[in-house]
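Visitor: Before I ask anything, let me first share the structure, which is written out below as structure tokens.
None of the figures in this text is laboratory data; all of them are computed from the coordinates on show. Just so we're clear, the structure is a prediction, and the values are computed from it rather than from any experiment. Cβ: placed from backbone, ideal geometry, glycine included. Neighbour counts: every protein chain shown.
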Amino acid sequence: MSIGGVSDVKRLIGFAMLSALFAVAACRTAPIDDVHSAPLKAPAGVTLDEVQKGIVRAGKVTAWQMTEIAPGHLEAKVNVRGKHQALVDIKFDTEAFSIRYRDSVNLNYDEARAMIHPNYNEWIHSLEAQIQNEMESIAAAGVAERSPAEQAKPVATSAEAAAWRNIRNSRNSDDYRAFLAAYPDGEFADLARKRAAVPDNQLWSSAFAGPVPANEKRRVEAFFSGQARTAIVALERYNTKNNIFAPTRRAQS
């Protein structure tokens, strides 16, 4: 065999080995399979704080470290053997939650193709399953473990939150009286009574306007956040080429 022939064989062998390495690397990635607006298996009347505590407990079981960013928003990080890391955002209200990829280390993340090491998906769905387990535990416990103050505290329904949204910036005290007629014992009833007692020409004056109650702000923000997420998920599924909505991913077993 000629020297040139030997060189050619070496090049072919090198090319074959390189191709094999790329093939193995490709086999170790999979499409990112995040959790999008998964319905919570939580009882009616569950509070946002209870949901957050349940998610944090789920993180401890599955080795995710949780950090609160804002009400309804946690940052979660997992570190495996000090070599592989994943960082995600968990956004939630009292009805649904999402887990979205944010960053990673040594997980073969391919931003252009939205691909990652399949272990990431396993970690995410292990966390998802444990969160649902925690919500079922809350449901099983019922309201027995809540304090008397929490049990007596009214919780806004979606209808009440929507009604409050429509009038919360009104300068007409009659709007607040009508709201009270519909929801006399609702979560926003006390605030509505205060505004109904103020003359129309003083509504939203500097003397009347004060800080929005934290509980009211969390409830309304959680309600609208859920509506926005539903719209975003729908838009992400829209196929512009065929003008149809793609099917949602199958629920994890």
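Visitor: Cβ-Cβ under 8 Å, sequence separation 6+ or interchain: first residue in the range 112-126 and closer than 12 Å to V88 by Cβ, partner in a loop (DSSP other than H, G, I, E, B) and of a type in the set (A, V, I, L, M). Which pairs?
Guide: I116/I32; I116/L107; Y120/I32; Y120/L107; N121/I32
Visitor: Still on this structure, I have one more. Which condition number does L74 fail, the rest of (1) assigned to a helix (DSSP H, G or I); (2) within 12 Å of the chain's Cα centre (by Cα) being met?
Guide: For L74, the exception is condition (1).
Visitor: Limited to the range 163-173, what total is found for residues that are touching a residue at least 12 places away in the same chain (Cβ under 8 Å) and assigned to a helix (DSSP H, G or I)?
Guide: Qualifying residue count for the region: 5.
Visitor: So, one more: Taking the range 69-95 as the search range and keeping residues that are farther than 15 Å from W123 by Cα and hydrophobic (A, V, I, L, M, F, W, C), which one is surrounded by the fewest Cβ atoms within 10 Å (Cβ to Cβ)?
Guide: A70
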